[in-house]
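K.L.:
Please read through the structure below; I'll follow up with questions.
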Amino acid sequence: MILQLAWRNVSDRPWRAALLLLGYGLGVAVMIALLSVGEAMLTQAREEKLVGGGDITVLPDGVDIEVLKTGGLGGMFFSVPNARFVYQQVLASPRHQALVAAVAPQLDNKLLYLTTRDGSELPVRATGELPDATGAVGAAPTLVAGVWKNDEADSRWANPTLAERRHDLDRFHLPPASVAGRESWGEWHYFNVLSDDASKWAFISYIVGGDVPDGEWGGQVLVTLHEVGKPARRFSATAPAGEVRFSTTDADVRIGDATVSVLEDGTYAVRGRVSEETSGTPLTLDLTVAPITNAEFPGATLNSGSFSSGYAVPGLRATATGSICTGASPRCDRFNAARAYHDHNWGVWRGVTWEWGAARAGSVALLFGRVQPPDSLESSAPLFVYVTDSLGFVSLFRPREVTYDDGRVITVGGRTVRVPSRGVLEDVRGDDSLRVELLVDDAVATDTRAGLVDRGESALARQLARPYFVQMQGRVKIAMRVRGVRYEASGTGFFETYR
C-alpha cells in the first residue's frame, strides 16, 4: 500500500517529486562532506601539526605540507640542513631588511628517543625554538610562571660574536668510526695571499694528518711562494702528535711552534717558522687574516659508506696584513689589507680528487667545486657555484662541468704535462643565469705519487688515475643575472684540478 501511494504521488506530481529528491540528495552529500572534514581535522589535531606564528613558513623544496600536518613518514624526521645559515644569511640577512620584520626558527613536536641511565629508550616529543624570535613573530606561548627568553646558547646560535662564529664554523673534527683508510685522514687550515699587483702569492696550510687520534699521526706546516715567471719555492716543517694541538670545539691549532689563533675580533693570527725543502732557507710567517663579514660558505660534509669529506669557508673574501720573510738576513714581502682567502678541509683522501676555485670580481665573490670520491670514477659528482656579495649570499648555481682548454704545457719531475689555459662554467636556473670564464696566468703541478701536496695530503701514495694536482692563478670574467638584476665584472682567482 505504501509503495503504491508513493508511486501515484510521483506520477501525479513528477516535477515536484524530482525537486524534493534532488534537495534530499544534496543535503546528504553536504552532511557526508562535513563529517569527512571533521574527521580529518580531528585526526590532524591528534597528530603532527604545522609550526605556527608569523606570516610565512619556510620549508625545503619538495616537502609536502599535508604530510607535515598529518604526521606521515615524510614529516617524521623533517629538519632544515644548515639552519643557522638559512636564518642568518638568507632570511634575516641585510638584503631582506625592507621585507622581513622578524624570523623565528622552530622545530615542533619532533620524535626523539631518550636513553635512561639503565639503558632503556623512551620515545618523547620535543619542541625547540628561540624564545625571543618566537615572540617577535607573534607565536610566543602564554606564560603562566617564570621567564621565557633566550639563554646563552640561544644567543650564541642566533647572534654569535665574530670569534664564536669562526670557532663554530672552523673547528676541527675526528675521523668517523666507519671510515676506511684512516691513515689517509687529513684536516687543514688553508690560506692564500695575493700581492696588490698580482705578481706574487703564497699558499699556506696547517695540516693534521694520519690515524687521528689513537694511531700514527702528526702535523705539518706547508708554505709555497709563487712569483710570475719564477719557479715556486716550497717551505715546510713537521711535528709529531705530541707537539700538535687541535680541538673539536674551536679553530685554534698548534703544530710545533707554528700557530693559527682566532682573536677576539674574529681575525686569524697566522704565525710560524718553516724551512725551504731544498736549501734549508728559513721562512717566517706573521700575518693577520681578517674575513669580510657575510662572505662565507657554511660548510658541507659528504659521508658515503666508508668515505667522509668536509669543507667550510670562513673567509671567502678576506684581507691579510703582515709579512712573509725569507732568509737569515730577512727579505720580507709586506702586506697591508692584501687580498686573501681562508678555508678548512677534512676527510679521507686516498683516491680522492676535486675541482675547486675561488674568485672575486668587484663586489661579487664566488666559490665553485666538487669532491670526487674514489668509488665514483664512472660518474661525476655534483658541481656547485656559490655566489656572495657585500650583503651576503646571492645564489647557488649547478653547472654540469668546468670546461677546460688544456693550452698550457709545464714540466713536472722531468715530464711535460698539459694543464688548463682557460675554463668556462655555465648554468641557467629558471630566469637566473651564470657564465664564468677562467683565464689562467700561471699554473704549477705536483705529482701526488711523490709526496705531500700543498692543500694537505697526508698519504704518500694517493693512487690516482690522474696523479698531477694542478694549482692555477689567473683572471675571471663573470656575467650573471639573478632576480632580474644583471651583473658583469672582471677580477682574479685561484683554481685547482687534476691531470
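The values are calculated or read from the model by the stated rules, or taken from the named source; none is laboratory data. Keep in mind that what you see is a predicted model, and the values were worked out from it rather than measured. Neighbour counts are summed over all protein chains in view; Cβ atoms, including those assigned to glycine, are modelled from backbone coordinates with ideal geometry.
K.L.:
For the stretch 246-255, give me the residue count where each residue is surrounded by 13 or more Cβ atoms within 10 Å (Cβ to Cβ) and of a type outside the set (A, V, I, L, M).
P.N.:
4
K.L.:
Still on this model: Go through the stretch 378-411 and report how many residues are in a loop (DSSP other than H, G, I, E, B), basic (Lys, Arg) and within 19 Å of Arg422 (Cα to Cα).
P.N.:
Initial filter on the stretch 378-411 (in a loop (DSSP other than H, G, I, E, B)): 378-383, 390-391, 398-402, 406-407.
So of that shortlist, the ones also basic (Lys, Arg) come out as 398, 400.
Narrowing the set further to residues that are within 19 Å of Arg422 (Cα to Cα) leaves 400.
Of the residues in that region, 1 qualify.
K.L.:
Go through (1) surrounded by 14 or more Cβ atoms within 10 Å (Cβ to Cβ); (2) touching a residue at least 24 places away in the same chain (Cβ under 8 Å) one by one and return the number of the condition Ser178 breaks.
P.N.:
For Ser178, the exception is condition (1).
K.L.:
Let me ask something additional. Note down all Cβ pairs under 9 Å where the first residue falls in the stretch 428-441 and is in the same structural domain as Gly493 (by TED's automatic domain parsing), the second is part of a loop (DSSP other than H, G, I, E, B) and among the hydroxyl-bearing types (Ser, Thr, Tyr), and they're at least six residues apart or on different chains.
P.N.:
Close Cβ pairs satisfying both conditions: Leu439/Ser421; Val440/Ser421.
K.L.:
Restricted to the stretch 256-298, and to residues that are over 29 Å from Gly362 (Cβ atoms) and touching a helix residue (DSSP H, G or I) at 6+ places or on another chain (Cβ under 7 Å), which residue is surrounded by the fewest Cβ atoms within 10 Å (Cβ to Cβ)?
P.N.:
Glu264
K.L.:
Further, regarding this structure: Please find, within the stretch 454-472, the residue that is modelled with the lowest pLDDT out of those that are surrounded by fewer than 23 Cβ atoms within 10 Å (Cβ to Cβ) and within 17 Å of Ile410 (Cα to Cα).
P.N.:
Step by step, filter the stretch 454-472, then rank; the result is Arg466.
K.L.:
Tell me whether the stretch 312-323 contains one or more residues that are more than 30 Å from Asp441 (Cα to Cα), touching a Pro at 6+ places or on another chain (Cβ under 8 Å) and not assigned by TED's automatic domain parsing to the domain that holds Thr411.
P.N.:
No, that holds for no residue.
K.L.:
Quick one: which of Gly242, Gly209, Gly215 is crowded, with 18+ Cβ neighbours inside 10 Å, small (Gly, Ala, Ser) and not assigned by TED's automatic domain parsing to the domain that holds Arg475?
P.N.:
Gly209
K.L.:
Could you run through the stretch 183-226 and say how many residues are under 26 Å from the mean Cα position of the chain (by Cα) and part of a strand (DSSP E or B)?
P.N.:
The total comes to 25.
Quick grid of which residues meet (1) of a type outside the set (A, V, I, L, M); (2) within 27 Å of Thr259 (Cβ to Cβ):
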{"position": "Arg84", "(1), (2)": "yes, no"}
{"position": "Ala104", "(1), (2)": "no, no"}
{"position": "Leu111", "(1), (2)": "no, no"}
{"position": "Thr116", "(1), (2)": "yes, no"}
{"position": "Val137", "(1), (2)": "no, no"}
{"position": "Leu143", "(1), (2)": "no, no"}
{"position": "Arg171", "(1), (2)": "yes, yes"}
{"position": "Gly181", "(1), (2)": "yes, no"}
{"position": "Gly186", "(1), (2)": "yes, yes"}
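K.L.:
Among the residues in the stretch 144-158, are any touching an Asp or Glu at 6+ places or on another chain (Cβ under 7 Å) and closer than 23 Å to Asp265 by Cβ?
P.N.:
Yes, some residue in the stretch 144-158 is touching an Asp or Glu at 6+ places or on another chain (Cβ under 7 Å) and closer than 23 Å to Asp265 by Cβ.
K.L.:
Moving on to the next point. Would you please name the residue that is farthest from Val253 (Cα to Cα), looking only at residues in the stretch 205-229 that are among the acidic types (Asp, Glu) and touching a Lys or Arg at 6+ places or on another chain (Cβ under 6 Å)?
P.N.:
Glu227
K.L.:
For the stretch 91-106, what are the residues that are part of a helix (DSSP H, G or I) and under 18 Å from Glu129 (Cα atoms)? Break it down stepwise before answering.
P.N.:
So the first thing to find is which residues in the stretch 91-106 are part of a helix (DSSP H, G or I), and the list is 91, 94-96.
Matches in the stretch 91-106: Leu91 only.
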